[in-house]
Amino acid sequence: MEILTPVEDAASRALFENKVAVFDFSASTDGLQRYYWEFPCVVRGEPCINRGVYDARTVPAPRVRASSASTFCAVTSTSRRSS
């Protein structure tokens, strides 16, 4: 799942101005084979932040059920608080 968000708040502005990319693998400690990312980009001349969750499922393991949407909401909420 991926979304583009405009640079409208202080946290997004800091990511964009400092050219910071975030890759968060903390969900993998729960047995999930996924990560969250956010990085600055420019779309149609406008500054944006590309955010998303990638679900790999490349390693055979007991199936851990989780919602990509809930993982995405949890990490974006945590990321914005810590920025």
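Odds and ends about this structure:
- Qualifying residue in segment 39-57 (condition: among the polar types (S, T, N, Q) and at pLDDT below 95): no
- Screening 17, 8 for residues that are part of a loop (DSSP other than H, G, I, E, B) and at pLDDT 90 or above leaves exactly one candidate, 8.
- Exclusive hit being at pLDDT below 70 and in contact with a Gly (Cβ under 7 Å, 6 or more places away or on another chain), set 61, 69, 74: 61
The values are calculated or read from the model by the stated rules, or taken from the named source; none is laboratory data. None of the values given here were measured: they were computed from a predicted structure. Cβ: placed from backbone, ideal geometry, glycine included. Neighbour counts: every protein chain shown.
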